[in-house]
Amino acid sequence: MSDPLFRAVAGAVTLLYLAAALFIPLAAIDALYLPDDTYYTLTIARNIAAGLGPSTDGVIQTTGFQPLIAMLLQPVFWLGLDGDAALRAAIVLSALFGAGAVLVSGAIVRQATGSARAATLALALAAVSGPVFVNAMNGLETTLAGLLGVTLIYLASGTTAGHGPRRFVLLGVVAGLALWARIDAALLILVLLPVAIWRLGPRPVLIVGGVAALTVSPWVAYCLAQTGSPLPESGGAVRQIVAFYEAIGRETHQDITKMGEIIGEGLLPAFPDSVMVWGGVILFGPLLRALVIRRVDGPAILSLTVLVMMAFYVFYLPAFWFFHRYLFLGALAVVVAVVVTLWPVLRLGRGVPAFLLALGIGGQHVVMRAADVAVWAGQSDRFVEGHKYGDVAQMLVPLLPDGAVVVAMQSGALSWYAGERLRVVNLDGVVNGDARQAIHDGTLDLYVRDLGAQYFADWEFNRVWLNERSTAEVQMSEVARYEDHQREGLHFTLYTLD
């Protein structure tokens, strides 16, 4: 985009994200932004680079990870980085992809409105959005998947039947890479498919589909060879975890409310949850606008995709603990939606309404992020997000003898910091098909025994789940306990298995 203001803001956003990823202390990032899955992905990437294949323990091969980010992390390990240095590199990569997703979101607004100022406003608001920034710091595939998603929308919205085969091949490659990045890109493709057929006709869509299928085929082939299914094994494991939470009282309305709050946080972070839950209503703005202008453009496709994703993650795979990153596109979509829907009003009065909107929304996000940092810097026992998985692992791993076999449901950070000194085996099945089968059969205790495991380390509720899915109660004795001060009564404990 040639507008000088847009370029200046885009450059500032990229530098801001890069500086945050490079200079925020890792202890703060661990406490505020990193889920345990960050460490899963890093461990798998490290094992691939070491020639051990996609595995968290160096032995059990898995399809339960996001392959594209694991591939892109390979140079980190080829350069000999490990530990905190490799973790920092993953965060930097995530931040750069986050900045890219923000820039392309601004481009979608420019494409829809024809206004560089509207694009700059969307860019600025998305950049300071709490849900966007938090995910940009998580070191995972989140922002990569988001970047590929908005890029696919941008390209598809600007493609006409008059474009040549190169454009359709490019669309197919981006679609295939989006599926490599995260499988729920299939929902975006599902939304795009009828629009593409209506706008382009069947032949170009067949070209796009064929190239996309060819691009993603190596991953599908690996999944088929490993598990007999074209889909990652993590989906089935997550559904088992969901069943456990439903059994102890998790209800659908809680997931709908949680999703509404997360979407609303993109616009109303300083407001009570009862207000934020309605923030997602703005997603219908671009759909109504599409009816008025009689054209399905980028903002409408983005909003519809997010609504479909919300329905998928509420009614089919209610993995509520992943909602924040699964709805990264939603955080971008609400910003795009509010700017595009209100732009006829915002451009009046020499831009004063746009300035006030930016001040109101952006100011809330800046204050909330500053509060997060202040809480951490003050060494308070209360952290805004996360359970400090890296901190837990670095405390517990030194207590274990060389060669020990440790089992855990929440095993990501333990695997990462254990390195070659210990074997940490995942028990929740997300990256271990054998454990998933044992959960299904109710024989986790027998599986743990067959592994020769000597230790179990996890949250208390996962110890309950272990016993629930076993033929008999697993006898264990406490060795050390890490108290989580964010949630009263929650603690991560290391046990010896008796």
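What the table shows:
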item	result
Gained length - residue 197 relative to residue 50, 0.36 nm times residue gap less alpha-carbon distance	48.5 nm
Label-point gap, in nm, between residue 26 and residue 367 - each point 7 angstrom along Cα→Cβ	3.5 nm
Residue-averaged 222 nm ellipticity for the chain, from DSSP H runs of 4+ at -39500 (n - 2.57), nearest 500	-21000 deg cm²/dmol
Set of segment 75-91 residues, backbone N closer than 20 Å to the point 7 Å along the Cα-Cβ line of residue 402	83
Under-5 Å amide H pairs with residue 491, H placed in peptide plane, nonlocal only	460, 484
Per-pair calculated FRET efficiency, R0 = 56 Å: residue 71 and residue 292 via Cβ, rounded to 0.05	0.85
Considering only the chain, percent of DSSP beta bridges that pair antiparallel, nearest 5	70 percent
Distance between segment 128-207 and segment 47-105 - C-alpha centres, whole angstrom	22 Å
Cα-based helix-to-principal-axis angle, 142-157 vs the chain, degrees rounded to 10	30 degrees
Spin-label pair residue 284/residue 246, simplified geometry with 7 Å Cα→Cβ offset, distance in nm	2.8 nm
Potential lengthening between residue 480 and residue 82 on full extension [0.36 nm per residue; Cα-Cα distance subtracted]	140.6 nm
Unit charges on C-beta of K, R, D, E only; dipole of segment 41-192, Debye	540 debye
From phi via Karplus (6.51, -1.76, 1.60), per-residue ³J(HN,Hα) for segment 80-91 in Hz, x at Gly/Pro	x, 6, 7, x, 5, 5, 5, 4, 4, 4, 5, 5
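None of the figures in this text is laboratory data; all of them are computed from the coordinates on show. No experiment lies behind these values; they were computed from the predicted model shown. Using ideal geometry, Cβ is built from the backbone for each residue, glycine included, and neighbour counts are taken over all protein chains shown.
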